[in-house]
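**Q** Have a look at the structure that comes next, please.
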Amino acid sequence: MLHSSSGSPAPSAAEQVYQDVKELILSGGLPGGELISEGEVANRTGCSRTPVREAFLRLEAEGWMRLYPKRGALIVPVADGEAEHIVDARQLLETHSVRYLAEHAAERAAVVHALDDNLDRQLGIVRDGDVVAFSAADADFHRLIVRAGDNPLLDSFYGGLRERQRRMTARSLARDPEQLPAIVDDHVRLRDLVEAADPDGYDAALLEHMLSVHALNPRSANRRGPRT
């Protein structure tokens with residue numbers, strides 16, 4: 001078996017195509033509604049159609065593609081209402097973690113340190129203007145908070161949301177790349193609210209942040225009513 005330079009097994013051709021095409025979908029390189037063919041991807045990746053077909057079947061099973069025989073693969077667009085549902089789920093998970101951190105000072109200090117490192121990374125990416133890298137750093141920032149909530153089931157659930165979050169962020173940045181500095185400012189504010197052990201303030205600031213980044217209507221995105 002081939003191995004990568006790091007010593008771990010090299011991915012199969014199908015696995016590599018799967019990773020490459022999925023990254024293009026999540027980063028906005030293949031936008032929703034675009035139709036691509038096996039031959040096009042095979043030419044791009046320099047492999048045969050068989051691993052491309054395997055990768056497409058896997059991406060279809062995960063809901064990222066819809067396959068049409070003899071026509072190609074449609075990149076599934078973000079569904080109506082999906083962005084609002086993701087915002088609602090993220091708010092529940094992140095605020096839950098911040099409530100936990102408010103009562104656990106050592107864990108709170110550790111995650112604030114990790115958030116500071118992530119913010120340094122974000123600032124470097126903003127200077128480079130790399131919106132694809134920023135969408136990944138953005139998702140990592142929010143997952144750091146969820147992971148610190150000491151609930152592996154919620155963290156695992158958020159892992160699935162992370163991919164959809166990346167896609168949403170890439171789409172929003174394609175619409176308005178000039179908002180990058182404002183997003184970092186929002187993240188600094190969220191980091192400060194974690195450090196201040198203020199879950200209610202975090203909850204409100206997070207919702208405001210997500211509505212602004214994704215240009216969503218407050219009433220459609222927040223259906224849970226007032227917090228208690």
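**Q** Does Glu34 satisfy the criteria of being touching a strand residue (DSSP E or B) at 6+ places or on another chain (Cβ under 7 Å), without any contact (Cβ under 8 Å) to a residue 24 or more places away in the chain and charged (D, E, K, R)?
**A** Values: touching a strand residue (DSSP E or B) at 6+ places or on another chain (Cβ under 7 Å): yes; without any contact (Cβ under 8 Å) to a residue 24 or more places away in the chain: no; charged (D, E, K, R): yes.
For Glu34, the condition - touching a strand residue (DSSP E or B) at 6+ places or on another chain (Cβ under 7 Å), without any contact (Cβ under 8 Å) to a residue 24 or more places away in the chain and charged (D, E, K, R) - is not met.
**Q** Can you tell me which residue in region 191-205 is nearest to Phe134 (Cα to Cα), limited to those that are part of a helix (DSSP H, G or I) and in contact (Cβ under 8 Å) with a residue 60 or more places away in the chain?
**A** Checking each candidate, the answer is Arg191.
**Q** Same structure again: Within region 156-172, track down each residue that is over 12 Å from Ala137 (Cα atoms), without any contact (Cβ under 8 Å) to a residue 60 or more places away in the chain and surrounded by 17 or more Cβ atoms within 10 Å (Cβ to Cβ).
**A** The answer is Ser172, and nothing else.
**Q** Please work out which one of (1) assigned to a loop (DSSP other than H, G, I, E, B); (2) at pLDDT below 90 is the condition Ala83 fails and give its number.
**A** The one condition Ala83 does not meet is (1).
**Q** Looking at Arg90, is it at negative phi and buried (at least 16 other Cβ atoms within 10 Å of the Cβ)? Lay out the reasoning, then the answer.
**A** Values: at negative phi: yes; buried (at least 16 other Cβ atoms within 10 Å of the Cβ): yes.
In short, yes.
**Q** Name the pairs: first residue in region 108-124 and over 17 Å from Asp186 (Cβ atoms) and assigned by TED's automatic domain parsing to the domain that holds Phe141, second residue modelled with pLDDT of 95 or more and acidic (Asp, Glu), Cβ to Cβ under 8 Å, at least 6 apart or on different chains?
**A** Within 8 Å, the pairs are Arg108/Glu195.
**Q** For region 177-185, check the following and say yes or no: at least one residue is farther than 20 Å from Ser212 by Cα, modelled with pLDDT of 90 or more, part of a helix (DSSP H, G or I) and touching a Leu at 6+ places or on another chain (Cβ under 9 Å). Spell out how you get there, then give the answer.
**A** The first filter runs over region 177-185 and keeps only residues farther than 20 Å from Ser212 by Cα, leaving none.
No: zero hits.
**Q** Against the conditions (1) part of a helix (DSSP H, G or I); (2) surrounded by fewer than 17 Cβ atoms within 10 Å (Cβ to Cβ), where does Arg66 fall short? Just the number, please.
**A** Result: Arg66 fails condition (1) only.
**Q** Within the set of pairs 6+ apart or on separate chains, which have a first residue in region 132-153 that is among the aromatic types (Phe, Trp, Tyr), a second that is part of a helix (DSSP H, G or I), and C-beta atoms under 6 Å apart?
**A** Phe134/Ile125; Phe141/Asn118; Phe141/His187
**Q** Give me a count of the residues in region 12-52 that are at positive phi and exposed (fewer than 14 other Cβ atoms within 10 Å of the Cβ).
**A** Filtering region 12-52 for residues at positive phi gives 28, 33, 46.
From the residues that got through so far, the ones that are exposed (fewer than 14 other Cβ atoms within 10 Å of the Cβ) too are 33, 46.
Adding up the residues that qualify gives 2.
The values are calculated or read from the model by the stated rules, or taken from the named source; none is laboratory data. Computed from a prediction, not measured in an experiment: that's the story for all the values here. Backbone-built Cβ (ideal geometry, glycine too); neighbour counts: all protein chains shown.
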